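Peer 1: Just dropping this structure here.
Nothing in this text is a laboratory measurement; each read-out follows from the coordinates by a stated rule. Bear in mind that the values here come from a model prediction, so they are computed numbers and not experimental data. Reconstructed Cβ throughout: ideal geometry from the backbone, glycine too, with neighbour counts over all protein chains shown.
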Amino acid sequence: MPNRTRMIAGNWKMNKTYSEGVTLAQELSNALKEAAVSGVDVVVCPPLVDLKGVAGVIDFDKAPFALGAQNVYWEESGAFTGETAPGMLTDVGCTYCIIGHSERRGYFGETDEDINKKSKALIAHKIVPISCCGESLETREAGKQVEFVVNQIKADCAGLDITSGDQLVIAYEPIWAIGTGKTATPEDAQEVCGAIRKTLVEIFGEAIASQIRVLYGGSAKPGNVLGFLEKEDVDGALVGGASLTADGFSQMIQKAAE
Ligand code: PGA
């Protein structure tokens, strides 16, 4: 059984102003230190304008979490109004970046091809992509969730140049379970996460794929997270709503440390 360190990543989405973000990061740091949690990798992904402030808390307070962005563009620099280059994220202290979230695919028209380019650009800058995949309710009701997600993984991860499993994180987030309060069952998550792992083995080989963390996301909260984490191919959670309070999020991290 491969020994993958569990990961709990918080996706703040479009929540928390700069000042609110700094306060939340400070509260989270205090809560995690007080609970003396260890053995779990924690990542916080605030909105772009909060990144520098949260990086400050991490630096000055030696906060026990890493910094991630929620999106990136693949070009190095230039006339791409409103976009952010990977080097800009590195410079403010990001070591992770969420890509391909279903909200970006759905509202902003991101394709698997875009996500693949973003992943390549991030890896070239030593930022770990948290690459999201997941099916719609319609696809799930047609029983095609495994086939759909496997195809996403093949397209999103094609040609990625990684030499170890800690250079990539996958997040399986069934769209129908995001922000709806409707969670998949741990068995639903394992079915797809197991298929994701097999696909990663085909792409990267056993040695690398067995070390890639596969997270579950979609209405994960302190009360249900452990059920997911106990599944063989679920190595953590990507958390939206429940990452917006230090108390709730630190409770989830403590569960993951159990
Ligand atoms: P949720 O969001 O936990 O609020 O369902 C998860 C996500 O979209 O990353």
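Peer 1: For the range 74-96, list residues with backbone N below 20 Å from a point placed 7 Å from the Cα of THR5 toward its Cβ?
Peer 2: Those under the cut-off are 90, 93-96.
Peer 1: Can you tally the net charge around PHE80? Count Lys and Arg as +1, Asp and Glu as -1, for every other residue whose Cβ sits under 14 Å from the Cβ of PHE80. Don't skip to the answer; put the middle values down first.
Peer 2: Working: positive: LYS117, LYS118; negative: GLU75, GLU76, GLU83, ASP114.
Residues close to PHE80 contribute a combined charge of -2.
Peer 1: What list of ³J(HN,Hα) values in whole Hz, one per residue of the range 40-46 in order, does the Karplus curve 6.51 cos²θ - 1.76 cosθ + 1.60 (θ = phi - 60°) give from phi, with Gly and Pro shown as x?
Peer 2: Here the 3J(HN,Hα) series is 10, 8, 10, 10, 10, 10, x Hz.
Peer 1: In debye, nearest 20, what is the charge dipole magnitude of the range 6-136 about its Cα centre with +1 on Lys and Arg Cβ and -1 on Asp and Glu Cβ, if you could check? Don't skip to the answer; put the middle values down first.
Peer 2: Values: 12 positive and 17 negative charges, 44 e Å.
Dipole size: approximately 200 debye.
Peer 1: Something else about it: Net charge within 15 Å of GLY159 by Cβ-Cβ distance, Lys/Arg positive one each and Asp/Glu negative one each, not counting GLY159 itself? Present the calculation step by step, with values, prior to reporting the outcome.
Peer 2: Details: positive: LYS117, LYS118, LYS120, LYS154; negative: ASP112, GLU113, ASP114, ASP156, ASP161, GLU202.
That sum, taken over residues with Cβ under 15 Å, equals -2.
Peer 1: Could you tell me whether the range 140-181 comes out rounded, prolate or oblate from its Cα gyration tensor? Rule is a ≥ b ≥ c as square roots of the eigenvalues, rounded for a/c under 1.5, then prolate if a/b exceeds b/c, otherwise oblate. Mind dumping the intermediate values first?
Peer 2: Working: a/c = 3.84, a/b = 1.72, b/c = 2.24.
Since a/c reaches 1.5 but b/c is at least a/b, the shape of the range 140-181 is classed as oblate.
Peer 1: If the elastic network links every pair of Cα atoms under 10 Å, which of ALA85, ALA207, ALA55 fluctuates the most in the Gaussian network model of the chain?
Peer 2: Of ALA85, ALA207, ALA55, the most mobile in the Gaussian network model is ALA207.
Peer 1: Still on this model: With a 10 Å Cβ neighbour count serving as the proxy for reagent exposure, in which order, fewest first, do MET88, MET14, MET7 appear?
Peer 2: MET14, MET88, MET7
Peer 1: To continue, here is another question. Shape verdict for the chain, please, from the Cα gyration tensor: rounded (a/c under 1.5), prolate (a/b greater than b/c) or oblate.
Peer 2: Details: a/c = 1.44, a/b = 1.12, b/c = 1.28.
Rounded shape, in that the Cα axes give a/c under 1.5.
Peer 1: Would you mind pulling out the separation of the Cα centroids of the range 59-103 and the range 118-142, in Å?
Peer 2: Centre-to-centre distance over Cα atoms comes out at 15 Å.
Peer 1: Suppose every Lys and Arg Cβ carries +1 and every Asp and Glu Cβ carries -1, with no other charges. What dipole size does the chain come out with about its Cα centre, to the nearest 20 debye?
Peer 2: Numbers: 23 positive and 35 negative charges, 50 e Å.
Result for the chain is approximately 240 debye, rounded to the nearest 20.
Peer 1: Follow-up question, since we're still on this one. Efficiency by 1/(1 + (r/R0)^6): what FRET value for GLU34 and TYR107, r their Cβ-Cβ distance, R0 = 35 Å, to the nearest 0.05?
Peer 2: FRET efficiency, GLU34 to TYR107: 0.40.
Peer 1: Need one word for the range 193-258: rounded, prolate or oblate. Basis is the Cα gyration tensor (sqrt eigenvalues a ≥ b ≥ c); a/c below 1.5 gives rounded, then a/b vs b/c decides. List each step's numbers first, then the result.
Peer 2: Working: a/c = 2.72, a/b = 2.46, b/c = 1.11.
Cα axes put the range 193-258 in the prolate bin.
Peer 1: Among all the lysines, which ones have a C-alpha under 17 Å from LYS255's C-alpha, if same-chain residues fewer than 8 places away are not counted?
Peer 2: Filter leaves LYS33, LYS221, LYS231.
Peer 1: If you don't mind, there's one more thing I want to ask. Round to the nearest 0.05 the FRET efficiency obtained for GLU147 and LEU226 when R0 = 22 Å and r is the Cβ-Cβ distance. Could you put the intermediate results ahead of the total?
Peer 2: Working: r = 29 Å, r/R0 = 1.32.
FRET efficiency, GLU147 to LEU226: 0.15.
Peer 1: Where Lys and Arg each count +1 and Asp and Glu each count -1, what net charge lies around GLU230 among other residues with Cβ under 12 Å from its Cβ?
Peer 2: Values: positive: ARG6, LYS231, LYS255; negative: GLU187, GLU232, ASP233, ASP235, GLU258.
In short, -2.
Peer 1: What number, rounded to the nearest 500 deg cm²/dmol, is the helix-based mean residue ellipticity at 222 nm of the chain, given -39500 (n - 2.57) per DSSP H run of at least four residues and division by all its residues? The partial results should precede the final answer.
Peer 2: Numbers: 11 runs with 112 residues, N = 258.
Value at 222 nm, helices only: -13000 deg cm²/dmol.
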